[in-house]
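To start, the structure under review is shown below, and the notes come after it.
The values are calculated or read from the model by the stated rules, or taken from the named source; none is laboratory data. For clarity, every value in this text was computed on a predicted model and none was experimentally measured. Cβ placement follows ideal geometry from the backbone for every residue including glycine, while neighbour counts extend to all protein chains displayed. Surface areas here come from the heavy atoms of the whole protein model, side chains and all, with no ligands, DNA or RNA. Shrake-Rupley method; radii C 1.70, N 1.55, O 1.52, S 1.80 Å.
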Amino acid sequence: MSKSLLRSKILKLRKLKYSRTELSFTKINSLIKKQKIINPIIGGYYPVSYEIDCLEIMKKFEIKKYRLSLPIIKNKNSMEFYSYSKNFPLTVNKYGIPEPIERRLVLPNILFVPLVAFDNRLFRIGYGGGYYDRYLNKYKKKRNICSIGFAFSFQEVMKVPNEKFDQKLDFIITEKKIYR
């Protein structure tokens, strides 16, 4: 099945099956601590289109004094991460996704990644813009980044069609399981 057909199918399924599911903060925190990341900076995302909501998890990390960031979409299908706090004002980008107004660039070393579909090899399909693949390709060469995909278990498929530029994630967490 092509990426676009798979994306369409899973997006419809996610809309039908969506429930306000919060992933286990305890499991995520334990997973991150095992990575022994010095000065952790979390790059999150603002959930849209029935995605797993990572903002509640990010609030808990903020209480634990982790630095947080959200992406801002740039030109040429690229994005960068900027400081974020639950108290920071946001603005809405051209895709209808809230972004920080605060413009302090940061380089996260823990990246929460939204996804549409995934497989047990840790490949994912996003919305087709390639933002996360490009970001990971650019920065994983320069620094250690732990990439963690957030999904519902029903978003798992047998095999995600992947191409040479697609980036494999380090972990995918669902409400039922952690994929390594």
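Some points to look at:
- Residue match in segment 71-88 (condition: β-branched (Val, Ile, Thr) and within 13 Å of the chain's Cα centre (by Cα)): no
- Pick from segment 84-109, criterion in contact with a Ser or Thr (Cβ under 8 Å, 6 or more places away or on another chain) and assigned to a loop (DSSP other than H, G, I, E, B), ranking: surrounded by the most Cβ atoms within 10 Å (Cβ to Cβ): Pro108
- Which numbered condition Arg7 misses (of (1) touching a strand residue (DSSP E or B) at 6+ places or on another chain (Cβ under 8 Å); (2) closer than 20 Å to Ile145 by Cβ; (3) at pLDDT below 95): (2)
- Subset of segment 48-83 [open to solvent by less than 30 Å² (accessible area, probe 1.4 Å) and within 24 Å of Tyr18 (Cβ to Cβ)]: Glu51, Ile52, Asp53, Cys54, Leu55, Ile57, Met58, Phe61, Leu70, Pro71
- Here the condition is being open to solvent by 10 Å² or more (accessible area, probe 1.4 Å), over 21 Å from Ile42 (Cβ atoms) and free of Cβ contacts under 8 Å to residues at least 24 places away in the same chain; of Lys176, Lys141, Lys159, it holds for Lys176 alone.
- Residues in segment 118-138 that are under 13 Å from Gly149 (Cα atoms) and in contact with a helix residue (DSSP H, G or I) (Cβ under 9 Å, 6 or more places away or on another chain): Phe118, Arg124, Ile125, Gly126.
- Test: residue in segment 124-136 that is open to solvent by less than 20 Å² (accessible area, probe 1.4 Å) and under 19 Å from Lys33 (Cβ atoms): no
- Selection count, segment 1-28, where residues are open to solvent by less than 80 Å² (accessible area, probe 1.4 Å) and in a helix (DSSP H, G or I): 11
- Lone unmet requirement of (1) touching a Cys at 6+ places or on another chain (Cβ under 8 Å); (2) part of a loop (DSSP other than H, G, I, E, B) for Phe112: (2)
- Residue match in segment 143-157 (condition: hydroxyl-bearing (Ser, Thr, Tyr) and in a loop (DSSP other than H, G, I, E, B)): no
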